[in-house]
Amino acid sequence: MDVDYSSSPGKFWAYNFDNVFSEFTLEDSTAKLAGKQLKQRNPEFVRALAISWLTDTTLMAIRVSSEEKFVEYSKEGEVLAGYGSWKGMLPGDPPSNVALGVFAMQFTSNQSKSKFGFYSMDRDHFEVLDYATKEILVVEGPFFEVPEYTVEYRSADDPYYYMNDPEAVRTYQDSFLGEDNIYMLYSGDKVSRIRSTGMVESRIVFAFDYIGNMIRQFELDTPIKYFTVDEENQILYGLSSEEDEDIVEFQF
């Protein structure tokens, strides 16, 4: 399930695998049902893998089997525009859903909906769309991990990305697009260790500006799996990867 900011204070939107976008409240702990829902009925809209509000009537998404990296939709599911292209991203130029599997494992936005981005867990690679300028920032590194992978087929016309290299390194674990900077949680664990222990012990957070320069690096004393950032008060909140899964706070 993906979670998106709501334009209403104290509320958030969640997008599930049934292709339903639902708004929930944080103000009433007894409210278990969504206050609003947006269901994908348009065939074009059903292809969206992850979506985020852009305005009250439009959404931004990444979708399967699309040449464009970022796709803008109306609330009714009509495609309004596309930004960027998957073509030429990989040797041999395989179908777009293979490139998407390599590079786009999570989709997110900043709170003001001016920036939208995705990152890879198998390569230290992320991209951010500046909606105002329609320019896409592409950042690779700092370690330039490129694991071996194969293109497998569910059927003759249904290829997909498959990475089964146990010596590969898990790169980015989570991200946060702030108003001022980009924050990336880096793992560095080998896939074999993660599979054997079931734990992801990410302790490094890289901070980049929106030009792509790395401006800070944080080394946490407690490993975390996911995080968010309060830029105004310079606080990072993380979900601990330890068994009790406490919420931990870091001042920076």
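Scanning the stretch 191-207 for residues being of a type in the set (A, V, I, L, M, F, W, C), assigned to a strand (DSSP E or B) and buried (at least 19 other Cβ atoms within 10 Å of the Cβ) gives a total of 3.
Here the stretch 28-44 is the region considered, the condition is being of a type in the set (S, T, N, Q) and under 22 Å from Gly10 (Cα atoms), and the residue that is modelled with the lowest pLDDT is Ser29. Mind checking whether some residue in the stretch 48-66 is in contact with a Pro (Cβ under 9 Å, 6 or more places away or on another chain), surrounded by 14 or more Cβ atoms within 10 Å (Cβ to Cβ), touching a residue at least 24 places away in the same chain (Cβ under 8 Å) and more than 20 Å from Trp13 (Cβ to Cβ)? Checking the stretch 48-66: not a single residue is in contact with a Pro (Cβ under 9 Å, 6 or more places away or on another chain), surrounded by 14 or more Cβ atoms within 10 Å (Cβ to Cβ), touching a residue at least 24 places away in the same chain (Cβ under 8 Å) and more than 20 Å from Trp13 (Cβ to Cβ).
Number of residues in the stretch 179-190 that are open to solvent by 20 Å² or more (accessible area, probe 1.4 Å) and either modelled with pLDDT under 95 or among the polar types (S, T, N, Q) (or both) equals 5.
Looking only at the stretch 105-140, residues that are within 9 Å of the chain's Cα centre (by Cα), open to solvent by 10 Å² or more (accessible area, probe 1.4 Å) and closer than 21 Å to Met214 by Cα come to 3 in all. Among the residues of the stretch 212-250, write down those that are surrounded by 13 or more Cβ atoms within 10 Å (Cβ to Cβ) and in a loop (DSSP other than H, G, I, E, B). Gly212, Glu231, Ser241, Glu242 - these are the residues of the stretch 212-250 that are surrounded by 13 or more Cβ atoms within 10 Å (Cβ to Cβ) and in a loop (DSSP other than H, G, I, E, B).
Within the stretch 95-148, the set of residues being without any contact (Cβ under 8 Å) to a residue 60 or more places away in the chain and in contact with a Pro (Cβ under 7 Å, 6 or more places away or on another chain) comprises Asp122 only.
Which of the residues spanning the stretch 150-189 are closer than 23 Å to Gly117 by Cβ and in contact with a helix residue (DSSP H, G or I) (Cβ under 7 Å, 6 or more places away or on another chain)? Tyr160, Tyr161, Ala168, Arg170, listed by residue number. Within the stretch 75-88, can one find any residue that is of a type in the set (Ser, Thr, Tyr), over 18 Å from Phe126 (Cβ atoms), surrounded by fewer than 21 Cβ atoms within 10 Å (Cβ to Cβ) and at pLDDT 90 or above? No, the stretch 75-88 contains no residue that is of a type in the set (Ser, Thr, Tyr), over 18 Å from Phe126 (Cβ atoms), surrounded by fewer than 21 Cβ atoms within 10 Å (Cβ to Cβ) and at pLDDT 90 or above.
Across the stretch 189-224, the number of residues qualifying as touching a residue at least 40 places away in the same chain (Cβ under 8 Å) and on the phi > 0 side of the Ramachandran plot comes to 1. A single member of Glu179, Glu167 is assigned to a loop (DSSP other than H, G, I, E, B) and farther than 17 Å from Tyr237 by Cα, and it is Glu167.
The values are calculated or read from the model by the stated rules, or taken from the named source; none is laboratory data. Everything quoted here is computed from the prediction, not taken from an experiment. Note: ideal-geometry Cβ built from the backbone for every residue, glycine included; neighbour counts use all protein chains shown. Side chains included, ligands, DNA and RNA excluded: accessible areas come from the protein's heavy atoms. Shrake-Rupley method; radii C 1.70, N 1.55, O 1.52, S 1.80 Å.
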